[in-house]
Amino acid sequence: MATPNNGELPNGADTKGLVVSFGEMLIDFVPTVSGVSLAEAPGFLKAPGGAPANVAIAVSRLGGNAAFVGKLGDDEFGNMLAGILKENGVSGDGLTFDKGARTALAFVTLKADGDREFMFYRNPSADMLLTPEELNLDLIRSAKVFHYGSISLIVEPCRSAHLKAMEEAKKAGALLSYDPNLRLPLWPSAKEAREQILSIWDKAEVIKISDNELEFLTETNTIDDATAMSLWHPNLKLLLVTLGDHGCKYYTKNFKGSVDAFKVKAVDTTGAGDSFVGALLGKMVDDHSIIEDESRLREALTFANACGAITTTKKGAIPALPTVEDVKELIKNASN
């Protein structure tokens, strides 16, 4: 078994179950001013991002054991991102570098309410060129939780690498976690996005979607229990629907409910969902039975909601991901 040892792991993290996150890591360019178009932005803050990488760093920052599997360009940005994984205690044993393709870039428009739109530079970027042969299968097979999105399904060869990694992790006994993380501008069409996102739907045991993704996947304008449950499948153990500043809803085989959000002043929502997922996976990795115990699940979701909320209070995803101390402070202040 591969033991992740790149970077300094948090105290005790090396004895915890490993969360392996698969997919893209890139540079987000975030405007220095909110509420303006990309063309009007006076300047940009360079922020490391990419949802699967954000999840891995979120797990590690909260004291967990995480590894990232993906491909970066053999360029300054790629080396910078590999360094950021290492600095944050995330194993880079699953990283490969492409000499011919660049690390992906995304320009992010921040609206006045902190929400965002994306413009991507991937033509093709290195993450799209990961092949099944380049996968570190020992690392993937050592995962207790294997987490992924849908951007890695858009083109070959990365799609085949994604399917192979998922299959190997499952065969080795990992819990499969899926956050589609819809980015419509990257897909050839909305129809293709919906079909491909749903093509691996029945494999995952934990799925997290946003309210917007729920509407998109079900082709409805309703965010209710019946609509959410239309996405249920027999292998699923936990379905989560995040509702932004309204918290989240949870659905299991035996119970369902909702957990309120924490009130904060949102500056940039980038990475909030990834922070939420990382927090939850870190709680579940060594004890999957949390999913079957509603009171413990609600406690874990309250913690995850706090993580998501804190992440919206700073610009950029990775710089804004919280520590356990940050979360405890927010929960304590909210209960006063």
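The values are calculated or read from the model by the stated rules, or taken from the named source; none is laboratory data. Since the structure is predicted, the reported quantities are computational estimates derived from the model, not experimental observations. With ideal geometry, Cβ positions are generated from the backbone for all residues, glycine too; neighbour counts draw on all protein chains shown. Accessible surface is based on the protein model in full, side chains and every heavy atom, while ligands, DNA and RNA are left aside. Shrake-Rupley method; radii C 1.70, N 1.55, O 1.52, S 1.80 Å.
Here the Gaussian network model covers the chain, with springs between Cα atoms less than 10 Å apart; of S34, S289, S150, S289 fluctuates the most.
For K256, the aspartates and glutamates whose Cα falls under 17 Å of its own Cα, not counting residues fewer than eight places away in the same chain, are E205, D211, D224, D225, E292, D293, E294, E299.
Summing charges over all other residues whose Cβ lies under 9 Å from the Cβ of T313, with Lys and Arg as +1 and Asp and Glu as -1, gives +1.
What accessible area per residue comes out for the stretch 262-305, rounded to a whole number of Å², with a 1.4 Å probe?
40 Å²
Shown in residue order for the stretch 53-61 are the 3J(HN,Hα) couplings computed by the Karplus curve 6.51 cos²θ - 1.76 cosθ + 1.60 at θ = phi - 60°: 5, 4, 4, 4, 5, 4, 4, 5, 5 Hz (x for Gly and Pro). Considering only C-alpha atoms, what is the centroid distance from the stretch 165-225 to the stretch 41-84, in Å? Value for the Cα centre distance between the two parts: 22 Å. Estimated from the Cβ-Cβ distance and a Förster radius of 25 angstrom, the FRET efficiency linking E294 and K332 is about 0.60. Measure up K86/K315; K16/K208; K144/K249; K99/K249; K191/K283; K111/K203 against 32 Å on the Cα-Cα distance and list the ones that go over. Checking Cα-Cα distances, K99/K249; K191/K283; K111/K203 exceed 32 Å. Remark on L95: its backbone amide H falls under 5 Å from those of G70, a criterion applied only to residues 5 or more positions apart or on other chains, H modelled at 1.01 Å from N. Mean separation of Cα pairs under 8 Å and 6 or more residues apart, divided by the residue count, gives the chain a relative contact order of 18 percent.
At the listed q of 0.14 Å⁻¹, the Debye profile of the stretch 168-284, built from one uniform point per Cα, gives log10 I(q)/I(0) equal to -0.62. As a fraction of the 1.4 Å probe accessible area of the chain, surface on carbon and sulfur atoms comes out at 50 percent. Once the gyration tensor of the Cα atoms in the chain is diagonalised, the equivalent ellipsoid follows with semi-axes of 26, 24, 21 Å, ordered largest first.
What does the helix-only formula give at 222 nm for the chain: each DSSP H stretch with n ≥ 4 adding -39500 (n - 2.57), the total divided by the residues, and the result rounded to the nearest 500 deg cm²/dmol?
Values: 10 runs with 108 residues, N = 336.
Rounded to the nearest 500, the figure is -9500 deg cm²/dmol.
Ordering of 21-30, 304-313, 264-273 by packing is 21-30, 304-313, 264-273, highest average first (other Cβ atoms within 10 Å, averaged per residue). Note on the stretch 243-309: along the principal axes its Cα atoms extend 36, 23, 15 Å, ordered by decreasing extent.
Computed from backbone phi, the HN-Hα couplings of the stretch 278-294 come to x, 4, 5, 5, x, 6, 8, 4, 9, 7, 5, 5, 3, 4, 9, 10, 4 Hz, rounded to whole numbers (Karplus: 6.51 cos²θ - 1.76 cosθ + 1.60, θ = phi - 60°; Gly and Pro given as x).
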